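Colleague: Shown below is the structure under consideration.
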Amino acid sequence: MAQVPMEHGLYVAGLLFCLGLVGVLVRRDLLFVLMSIEIMLNAAGMAFVVAGAGWQQPDGQIMFIFILTMAAAEVAVGLALIVQFHHHFKTLDADAARRMRG
Amino acid sequence: MFELLWLIPALPLAGFLVIALMGGALARRAVAVIGVGSVGAAAIVSVGVAAQFISAPPPGDSLTQVLWAWLEVGLLRPHVALCLDALSVTMILVVTVVGFLILLYSAEFMGDDESYAWFFAYMDLFVASMLILALADNLFFLYLGWEGVGLCSYLLIGFWYKERENARAAMKAFIVTRVGDVGLAVALLLIFTSLGTLQIQEVMRRAAQEWAVGSNTATLAAALLLCGAVGKSAQAPLQTWLPDAMAGPTPVSALIHAATMVTAGVYLIARTNGLFSLAPAVQSVVAIIGVATLLLGGLSALVQRDIKRVLAYSTMSQIGYMFLALGVGAWSAAIFHFATHAFFKSLLFLGAGAVLLATDEQRDMFKLGGLRAEMPYTFWTFVAGAASLAALPLVTGGFYSKDMMLWNAWTSPKGSPWLWLGGALGALITALYAFRMVFLTFFGERKSVVSRRPGPIMRIPMGILAVLSIFAGFLETPGWLGGMDYLSPFLGTALPGLPHAKSQPAMELFLQALTSLLCVSGVLVAYLLFVAHPEVPDRIAAIKAGGWLQGFWFSGWGFDRVYEFIVVKPFVRIALANRGDVVDTLFTGLARANEALHSSLSRTQTGKLRDYALGVVAGAVLAIGIMVLL
């Protein structure tokens with residue numbers, strides 16, 4: 001079975017991470033921001049898995065389970081916050097919340 | 001009785017504290033009772049202490065009462081300790097007795113004043129400070145009293161501070177005496193660093209051992225002490241504050257600027273006479289300053305219109321006499337004149353106060369006049385004071401003290417006929433201006449309405465002081481006139497006497513006759529000029545030179561103008577130029593830079609979540625970049 005080189009997997013992970021990052025930076029809708037964060041988390045998880053496979057170590061997959069758990073918790077908290085945000089601002093635009101301007 | 005010594009300064013201090021802390025809650029009568037009573041009680045204790053001191057002198061003729069250790073820093077161990085010797089006994093007697101009489105007088109004089117309580121609080125604080133000054137056993141403690149009296153002088157000159165001019169006079173007095181006080185402070189430092197102690201008797205003992213006569217350190221120390229004394233005692237060239245100090249209430253002028261505080265310089269020099277004996281050059285400067293000031297003050301007093309300013313210049317001149325006596329080494333004579341001067345000058349001030357009260361603050365003597373019939377009691381006491389000031393022969397206290405000083409100025413090894421001549425001329429001038437004042441105020445036609453006459457509370461002190469100023473002279477009379485000498489031997493236990501000059505009774509009698517003649521002729525000339533031919537002074541003033549001289553003397557020899565030009569104006573100019581505070585720009589600059597930095601950084605706080613995320617990313621990229629590249 002032709003092995004996919006570890007580098008390729010890492011490139012994909014990096015690409016995914018950057019996509020997520022750009023999403024966080026440019027999207028104003030909080031739901032999309034949350035999803036972009038999910039993408040970044042998954043990119044990190046993928047990097048762990050690829051590295052674990054490449055080095056024949058189980059640690060990468062363990063880390064991925066951790067990240068998965070953390071991501072689930074994060075989404076729960078994040079969604080709750082978004083609900084509160086919407087309740088307060090009647091919008092999901094992140095830029096609406098800028099009262100703490102210096 | 002000696003163990004009660006601490007009560008003497010403590011009583012007025014307690015009076016001050018009580019009035020100052022609860023003055024608002026006390027009735028006027030209660031304030032007066034506490035204010036006057038505390039000083040009166042101190043006077044009674046002083047008399048008791050003095051009586052015991054005279055009847056049963058303590059061993060060594062001095063006594064030290066250590067109350068507690070003030071501080072202990074290395075060698076510097078000043079105690080709060082009182083030292084009683086003949087000199088301080090004389091001082092505390094005069095200060096408490098005259099102080100009590102003047103405070104009693106003020107109880108009526110200040111009766112209508114709205115700040116009645118504060119007046120008595122300040123006066124009590126003054127008396128307490130003056131007693132500390134007189135009783136202090138070390139120079140450190142003495143300095144406390146010295147500054148205390150300066151503070152009270154400031155507060156009381158500016159007592160009616162709502163008039164700008166009075167506040168200005170208070171500041172002037174404080175600042176000008178400060179010039180001298182700096183000298184005193186430096187003298188203390190010098191004495192401490194070179195002798196290692198500030199305890200006065202110890203300083204005198206060590207100075208005599210370690211410093212040669214005329215050595216530089218001794219000369220410097222004495223000169224610096226003299227500097228302090230000159231400032232406090234309003235001697236040339238720091239005399240300019242005294243005439244302006246008359247802005248204060250009249251009892252203040254009587255107590256502080258005539259009887260007690262201004263003689264603190266005389267006391268200081270007498271107290272540290274050991275140092276001055278080690279510095280003959282400085283001591284002769286003392287005599288020269290004395291003669292210069294007595295002539296300067298006397299001539300200025302001659303042309304003043306304001307009755308209180310006459311008295312101020314006269315005070316300056318009389319203290320000049322005391323400096324002359326100190327300068328020739330006649331310590332006891334100076335203290336003798338201090339005592340008689342305290343009596344007659346405070347009496348004159350109280351009389352002037354009664355006149356001012358009666359005529360609604362009419363200070364210009366040319367607008368007074370003819371008050372003799374209206375206020376006979378004030379007139380007679382005033383004449384008693386003026387006669388004593390003019391040193392009318394035989395019957396007045398001032399004659400004996402002035403005579404003793406002049407005789408010493410002639411015979412003392414440090415004296416000279418020139419000093420005597422200055423003093424004798426001064427005696428003529430003194431008689432002239434003293435009776436000019438009497439004639440202008442009480443003789444001639446009446447020009448102002450008498451609205452109020454002194455009541456009994458004001459009369460009693462005036463009467464007692466009149467008696468004292470006439471009879472205090474009999475403590476010490478010349479050889480041919482009974483030869484009483486109570487004061488000199490008494491003071492001799494604390495102050496070194498003069499080396500006994502050859503007894504020259506004929507010479508002494510001749511000089512006395514001469515000065516007496518001068519004094520009497522001064523009075524006669526005053527009579528001729530101001531009663532018999534009042535047009536003559538105007539005619540003299542109309543001559544160019546006469547008018548110029550009058551203006552020159554009237555302004556106190558132009559010292560104020562010179563100081564204005566040399567010191568005040570440049571200082572004000574520098575202060576104005578430095579309005580922005582040049583040194584401060586460094587610190588305000590620091591603050592400004594911080595502010596600018598802050599405002600530029602605070603612009604990054606947009607409140608937008610995405611911008612913060614960008615910041616985090618940029619930081620992470622930067623950190624990773626640095627880690628990868630380096």
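Colleague: Compute, for chain B, the length of the dipole vector about the Cα centre, with Cβ point charges of +1 (Lys, Arg) and -1 (Asp, Glu) only. Units Debye, rounded to 20.
Modeller: 1180
Colleague: Another question, then. List the relative contact order of chain A as a percent without decimals, with contacts defined as Cα pairs under 8 Å and 6+ residues apart.
Modeller: 27
Colleague: With a Förster radius of 45 Å, plug the Cβ-Cβ distance of B:Glu445 and B:Leu576 into 1/(1 + (r/R0)^6) and report the FRET value to the nearest 0.05.
Modeller: 0.35
Colleague: Which of the peptides B:366-375, B:602-611, B:263-272 is most tightly packed, and how do the rest follow, judged by the mean count of other Cβ atoms within 10 Å per residue?
Modeller: B:263-272, B:366-375, B:602-611
Colleague: Mind ranking B:Leu392, B:Leu406 by accessible surface for me, highest first, 1.4 Å probe?
Modeller: The ordering from most to least exposed comes out as B:Leu392, B:Leu406.
Colleague: Here's another thing I want to ask about it. Towards the positive end of the charge dipole of segment B:561-601, with charges on Cβ (+1 Lys, Arg; -1 Asp, Glu), say which of B:Pro570, B:Asn594, B:Val582 has the farthest Cα.
Modeller: The listed residue farthest towards the positive side: B:Pro570.
Colleague: Taking just the C-alpha trace of segment B:199-254, give me its Rg and Dmax in Å.
Modeller: Rg, Dmax (Cα atoms, Å): 16.7, 47.
Colleague: Moving on. Compute the signed sum of charges (Lys and Arg +1, Asp and Glu -1) over the other residues within less than 14 Å, Cβ to Cβ, of B:Ser401.
Modeller: -1
Colleague: Residues in segment B:335-373 near a label at B:Phe559, defined as backbone nitrogen under 16 Å from the 7 Å Cα→Cβ point?
Modeller: No residue passes the distance filter.
Colleague: Next question. Which order do you get for B:Asp61, B:Asp137 if you rank them by accessible area with a 1.4 Å probe, largest at the top?
Modeller: B:Asp61, B:Asp137
Colleague: What share of all Cα pairs of segment B:131-242, in percent, falls into each consecutive 5 Å distance bin?
Modeller: 2, 12, 19, 21, 16, 12, 8, 5, 3, 1, 0
Colleague: Quick one: putting +1 on the C-beta of Lys and Arg, -1 on the C-beta of Asp and Glu, what dipole do you get for chain A around its Cα centre, in Debye to the nearest 20?
Modeller: Computed charge dipole of chain A: roughly 500 debye.
Colleague: I would also like to ask the following. Answer with one residue from B:Gly74, B:Met91, B:Leu63: the one whose Cα lies farthest towards the positive end of the charge dipole of segment B:37-172, charges on Cβ with Lys, Arg +1 and Asp, Glu -1.
Modeller: Farthest towards the positive pole: B:Gly74.
Colleague: Counting helices only, and only those DSSP H runs with n ≥ 4, report the 222 nm mean residue ellipticity of the protein assembly as shown as the sum of -39,500 (n - 2.57) divided by its residues, in deg cm²/dmol to the nearest 500.
Modeller: When only DSSP H runs of four or more count, the value is -23500 deg cm²/dmol.
Colleague: Would you list which aspartates and glutamates come within 20 Å of A:Lys90, measuring only between C-alpha atoms, while excluding same-chain residues fewer than 8 positions from it?
Modeller: Within the straight-line limit of under 20 Å, A:Lys90 reaches these aspartates and glutamates: A:Asp29.
Colleague: While we're on this one: Could you work out the mean count of beta carbons from other protein chains within 10 Å of each residue's beta carbon in A:91-100?
Modeller: Counting other chains' Cβ atoms within 10 Å and averaging over A:91-100 gives 3.
Colleague: A follow-up question, please. Given Cα pairs under 8 Å that are at least 6 residues apart, what percent is the relative contact order of chain B?
Modeller: Relative contact order here is 12 percent.
Colleague: For the peptides B:89-102, B:140-153, what is the packing order when you average, over each peptide's residues, the other Cβ atoms within 10 Å and list the highest mean first?
Modeller: So the order, starting with the most tightly packed, is B:89-102, B:140-153.
Colleague: Counting Lys and Arg as +1 and Asp and Glu as -1, each charge on the Cβ, what is the dipole of segment B:265-406 about the Cα centre in debye, to the nearest 20?
Modeller: Dipole about the Cα centre, nearest 20: 100 debye.
Colleague: Give me the percent of Cα-Cα pairs in the protein assembly as shown that sit more than 49 Å apart, rounded to a whole number.
Modeller: It works out to 36 percent of all Cα pairs.
Colleague: Determine the gain in length on full extension of the stretch B:Val520-B:Val617; use 0.36 nm per residue of separation and subtract their C-alpha separation, reporting nm with one decimal.
Modeller: 24.3 nm
Colleague: I've got another one for you. Sum up the lysine pairs in chain B that clear both bars: alpha-carbon distance under 21 Å and a spacing of 8 or more or different chains.
Modeller: 15
Colleague: Let me ask something else about it. What nm distance separates the two modelled labels at B:Asp112 and A:Phe32, each placed 7 Å from Cα along Cα→Cβ?
Modeller: 9.1
Colleague: Counting only protein heavy atoms and a 1.4 Å probe, tell me what percentage of the protein assembly as shown's accessible area is made up of carbon and sulfur.
Modeller: The computed percentage sits at 70.
Colleague: Figure the gain on full extension for B:Ala167 and B:Ala25 (residue separation times 0.36 nm, minus the Cα-Cα span) and round it to one decimal in nm.
Modeller: Residue separation times 0.36 nm, minus the Cα-Cα distance, leaves 48.4 nm.
Colleague: To the nearest 0.05, what FRET efficiency results for B:Leu528 and B:Val568 with a Förster distance of 41 Å applied to their C-beta separation?
Modeller: Result of the calculation: an efficiency of 0.50.
Colleague: Equivalent ellipsoid semi-axes for segment B:376-518, as square roots of 5 times the alpha carbon gyration tensor eigenvalues: give them largest first, rounded to whole Å.
Modeller: With the √(5λ) rule applied to segment B:376-518, the semi-axes are 33, 19, 11 Å.
Colleague: Let me ask you something else. What spacing in nm lies between the two simple spin-label points modelled at B:Arg305 and A:Val12, each 7 Å away from Cα in the Cβ direction?
Modeller: 11.3
Colleague: Related question: Return one whole number: the accessible area per residue of chain B in Å², for a 1.4 Å probe.
Modeller: 42
Colleague: Compare the Cα positions of B:Thr477, B:Leu629, B:Gln318 along the charge dipole of chain B (+1 at Cβ of Lys, Arg; -1 at Cβ of Asp, Glu; about the Cα centre) and return the one farthest towards the positive end.
Modeller: In chain B, that residue is B:Leu629.
Colleague: Taking each residue in A:18-30, count the Cβ atoms of any other chain within 10 Å of its Cβ, then average. What number comes out?
Modeller: 2
Colleague: With a 1.4 Å probe on protein heavy atoms only, work out how much accessible surface A and B bury together, total over both chains, in Å² to the nearest 100.
Modeller: The summed interface area works out to 1000 Å².
The values are calculated or read from the model by the stated rules, or taken from the named source; none is laboratory data. Note that the coordinates shown come from a computational prediction; the quantities given were computed from them, not determined experimentally. No Cβ is skipped: glycine too gets one built from the backbone with ideal geometry, and neighbour counts run over all protein chains shown. All accessible areas refer to the heavy atoms of the entire protein, side chains included, with ligands and DNA or RNA removed. Shrake-Rupley method; radii C 1.70, N 1.55, O 1.52, S 1.80 Å.
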